[in-house]
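Student: Input: one structure, supplied below.
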Amino acid sequence: MDVGYMSAGRGTAPKTGGWNLPTVLSPGTSEQLQTELLHETARFRGLDISGMDLSDSTFEECELDQLTAHDTQFRSTRWLRTAVSGMNAPVLRASRTVLREVSFEACRLGAAELYDATLDNVVFSNSKITWLNFGSSTVKDVLIRDCTIDELDLGQAKLERVLLENVRVGSVNFSGARMRQVDLRGAQLRSISGLESLRGTVITPEQLQALAELFAEHHGIAVRD
């Protein structure tokens, strides 16, 4: 699989893609997932791994395709050069996880618990996520494209070179976030909290106008005719 270069070509675009999976991947099994901690050059396809405890596992140059992973424990796992496609996870427990050179394509995630995590060169595309929790995480070179996110939590996170492109977000929390080159121009944002932490973001004039009421309320400004 050729992941390719998937950034959008803007000045603040993240450096994503540029990595490939090996041409030949060995078929992986549920038993391997439960009994081994290191998984290399393997393809796990069409498995129901719901309820499994995979904490502290490492996936390196792997493909996770069409997995059902409800309440699967991925805490403190390492995902390196790994492609995830078609995953269905009503609850994804993945706090303190390291994701480096990882892609998520056409996934349906409910509560995606990625707090206290490290993300570097990660792409989310064509996915639906109910709650994406990056709280207190380090998020660098991340592209979110063609996704619907009901709730995005960036509280206390550190973000650098992050781009949202054609993304609908119901509500987003920026409280305490530290951001640099975070491009929100391609996002539809319905509700925002943590306005005091928007420093380091890029928005459009239209977005600024839409947020004017929130800015006024935040700073105690009364707007009257």
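The values are calculated or read from the model by the stated rules, or taken from the named source; none is laboratory data. Note that the coordinates shown come from a computational prediction; the quantities given were computed from them, not determined experimentally. Quick reminder, even Gly has a Cβ in these numbers, built from the backbone with ideal geometry, and neighbours come from all protein chains shown.
Student: Please specify each residue of the range 166-216 satisfying the condition of being among the charged types (D, E, K, R) and over 17 Å from Lys140 (Cβ atoms).
Tutor: From the range 166-216, those among the charged types (D, E, K, R) are 168, 178, 180, 183, 185, 190, 196, 199, 206, 213; that's our starting set.
Selection gives Arg168, Arg185, Arg190, Glu196, Arg199, Glu206, Glu213.
Student: Kindly indicate whether any position in the range 179-196 is over 16 Å from the mean Cα position of the chain (by Cα), modelled with pLDDT of 95 or more and over 19 Å from Pro14 (Cβ atoms).
Tutor: no
Student: Name the residues in the range 42-86 that are under 18 Å from Glu105 (Cα atoms), surrounded by fewer than 19 Cβ atoms within 10 Å (Cβ to Cβ) and aliphatic (A, V, I, L, M), would you?
Tutor: Of everything in the range 42-86, those that are under 18 Å from Glu105 (Cα atoms), surrounded by fewer than 19 Cβ atoms within 10 Å (Cβ to Cβ) and aliphatic (A, V, I, L, M) turn out to be Leu47, Leu80.
Student: For the range 197-225, which residues satisfy the criterion of being among the basic types (Lys, Arg) and exposed (fewer than 10 other Cβ atoms within 10 Å of the Cβ)? Step through it out loud before you land on a result.
Tutor: Going residue by residue through the range 197-225, those that are among the basic types (Lys, Arg) are 199, 224.
Listed by number, the list holds a single entry, Arg224.
Student: When the range 23-38 is examined, which residues are found to be surrounded by 17 or more Cβ atoms within 10 Å (Cβ to Cβ) and in a loop (DSSP other than H, G, I, E, B)?
Tutor: Of everything in the range 23-38, those that are surrounded by 17 or more Cβ atoms within 10 Å (Cβ to Cβ) and in a loop (DSSP other than H, G, I, E, B) turn out to be Leu25, Gly28.
Student: Would you check which residues across the range 114-142 are surrounded by fewer than 22 Cβ atoms within 10 Å (Cβ to Cβ), part of a loop (DSSP other than H, G, I, E, B) and not charged (D, E, K, R) and list them?
Tutor: Tyr115, Asn126, Gly135, Ser136
Student: Further question on the same structure: Take the residues in the range 153-165 that are of a type in the set (A, V, I, L, M, F, W, C) and assigned to a strand (DSSP E or B); name whichever of them is nearest to Asp141 (Cα to Cα). Can you show your working first?
Tutor: Looking only at the range 153-165, we keep the residues that are of a type in the set (A, V, I, L, M, F, W, C), and these are 154, 157, 159, 162-164.
Then drop every residue that is not assigned to a strand (DSSP E or B), which leaves 159, 162-164.
Values: Leu159: 8, Val162: 6, Leu163: 8, Leu164: 11 Å.
Among residues in the range 153-165 that are of a type in the set (A, V, I, L, M, F, W, C) and assigned to a strand (DSSP E or B), the one nearest to Asp141 (Cα to Cα) is Val162.
Student: Mind checking which residues of the range 169-193 are among the small types (Gly, Ala, Ser), within 18 Å of Phe215 (Cβ to Cβ) and part of a strand (DSSP E or B)?
Tutor: Ser171, Ala187, Ser191, Ser193, listed by residue number.
Student: Please enumerate the residues belonging to the range 103-133 that are within 10 Å of the chain's Cα centre (by Cα) and β-branched (Val, Ile, Thr).
Tutor: Val122, Val123, Ile129
Student: Every residue in the range 39-88 that is in a loop (DSSP other than H, G, I, E, B) and of a type in the set (Lys, Arg), please.
Tutor: From the range 39-88, those in a loop (DSSP other than H, G, I, E, B) are 41, 46-47, 49-52, 54-57, 61-62, 66-67, 69-71, 74-77, 86-87; that's our starting set.
Matches in the range 39-88: Arg75 only.
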